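Peer 1: My questions will all concern the structure given below.
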Amino acid sequence: MQRARPDDAKVSIERALSLAPEMTRRERQQLEATNLWIRGEGRQALAQLKDHLAEFPRDALLMRLAHLIYNRGCSSVGEPNFPPAFLGLLHGSAPQCEENWAFLAEYAWAHHETGSIDDAMRLAQRSLDLNPSNAVAAHSVAHVYFERGDAAGGADFLGHWLAGFDCPASSYVHLSWHLALFELALGQYEKAIERYDQDIRPYVVAKSMATLPDSASFLWRVQIYSGSPASHPAAPPWEDVCPLAMPMAEKPGFAFQVATRRWPWPLVMTMMGSR
């Protein structure tokens, strides 16, 4: 699901469910909640995972699932202001998870999303101390630097952290996007565009809807920063994202996707029409 391959996810979960009789109760409940999410039943999935976390407060897998469900807001669980709800859910696990790196990473995310920036940085740094290759915590650190308006600090952190991170990992593209935005903010346009060409654009990563938000929003920012795409000779072409963006013009998704995918769409069409 995170890679925008829902059909494959449904096949995988069906296979997993067929093995459920041989699993523990905890494992079966993990599968049941995940199955509900995959099938678009976000409210039911959230209700089930809340009960599950009350019984198994250290279950990092379902904490992550809660993050994904809440992140879709009203279109998923009918929660218009999800960050406080997610933070409240994690409060229940906090006493049992003080030194759990996976929990601390999610807890950091919930804190910066609710405006507790200093607490978020403290929690994320502790999570990274326990597991330096933890992308969820690194993502929170990037957001904290952004909220503080510290592009130089953010670029320095992500530049060093990504150098030791596995390129095929699912978070590599998005964290590279964060780094490219810091570089744009620092006026390092060529460096940011080179990063886009190497690590973000659809032609160098798996072509799917999951790659569209970072690609389209980066191109839009390049246009804003440079005045027009043509004014910067190294600006990447909009044509790369058009095959991925087209479906979003016909079928809107949840708010974040709409904002990052559909909003640049008029710019995509304008640029295509001018060539």
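The values are calculated or read from the model by the stated rules, or taken from the named source; none is laboratory data. Model, not experiment: these values are computed from the prediction. When we count neighbours, we look across all protein chains shown, and the Cβ atoms used for this are built from the backbone with ideal geometry, even at glycine.
Peer 1: If you go through segment 17-61 one residue at a time, how many are surrounded by 14 or more Cβ atoms within 10 Å (Cβ to Cβ) and part of a loop (DSSP other than H, G, I, E, B)?
Peer 2: 6
Peer 1: Sticking with this one: Tell me, which residue of segment 161-173 that is within 10 Å of ALA135 (Cα to Cα) and in contact with an Asp or Glu (Cβ under 9 Å, 6 or more places away or on another chain) is modelled with the highest pLDDT?
Peer 2: LEU162
Peer 1: If you don't mind, another one. Scan segment 77-97 and give yes if some residue there is among the small types (Gly, Ala, Ser), buried (at least 20 other Cβ atoms within 10 Å of the Cβ) and in a helix (DSSP H, G or I), otherwise no.
Peer 2: Residues of segment 77-97 among the small types (Gly, Ala, Ser): 78, 85, 88, 92-94.
Pick out the ones that are also buried (at least 20 other Cβ atoms within 10 Å of the Cβ) and you get 93.
This time we only want the ones that are in a helix (DSSP H, G or I), so: none.
For segment 77-97, residues among the small types (Gly, Ala, Ser), buried (at least 20 other Cβ atoms within 10 Å of the Cβ) and in a helix (DSSP H, G or I): absent.
Peer 1: Here's a follow-up. Exactly one condition in (1) within 15 Å of the chain's Cα centre (by Cα); (2) under 20 Å from TRP109 (Cβ atoms) is not met by LEU162; state its number.
Peer 2: Single failed check for LEU162: (1).
Peer 1: I've got another one for you. Name the pairs whose Cβ atoms lie under 7 Å apart, with the first residue in segment 97-116 and of a type outside the set (A, V, I, L, M, F, W, C), the second at pLDDT below 95 and in a loop (DSSP other than H, G, I, E, B), and 6 or more positions between them or separate chains?
Peer 2: ASN100/ARG58
Peer 1: So for segment 218-230 (the condition being modelled with pLDDT of 75 or more and among the basic types (Lys, Arg)), does at least one residue qualify?
Peer 2: Yes.
Peer 1: Is there any pair with a first residue in segment 57-70 that is in contact (Cβ under 8 Å) with a residue 40 or more places away in the chain and a second that is of a type in the set (D, E, K, R) and part of a helix (DSSP H, G or I) whose Cβ atoms are under 6 Å apart and which are 6 or more apart or on different chains, and what are they?
Peer 2: Final answer for the pair search is MET63/GLU106; HIS67/GLU106.
Peer 1: Could you please find all residues in segment 98-110 being in a helix (DSSP H, G or I) and of a type in the set (D, E, K, R)?
Peer 2: Once the filter is applied, which keeps residues that are in a helix (DSSP H, G or I) and of a type in the set (D, E, K, R), segment 98-110 yields only GLU106.
Peer 1: Anything in segment 97-134 that is more than 27 Å from GLY149 (Cβ to Cβ) and among the hydroxyl-bearing types (Ser, Thr, Tyr)? List them, or say none.
Peer 2: SER133
Peer 1: Of the conditions (1) exposed (fewer than 15 other Cβ atoms within 10 Å of the Cβ); (2) over 15 Å from PHE182 (Cβ atoms); (3) of a type in the set (A, V, I, L, M), ALA152 fails just one. Which one is it?
Peer 2: Going through (1) exposed (fewer than 15 other Cβ atoms within 10 Å of the Cβ); (2) over 15 Å from PHE182 (Cβ atoms); (3) of a type in the set (A, V, I, L, M) one by one, ALA152 breaks only (2).
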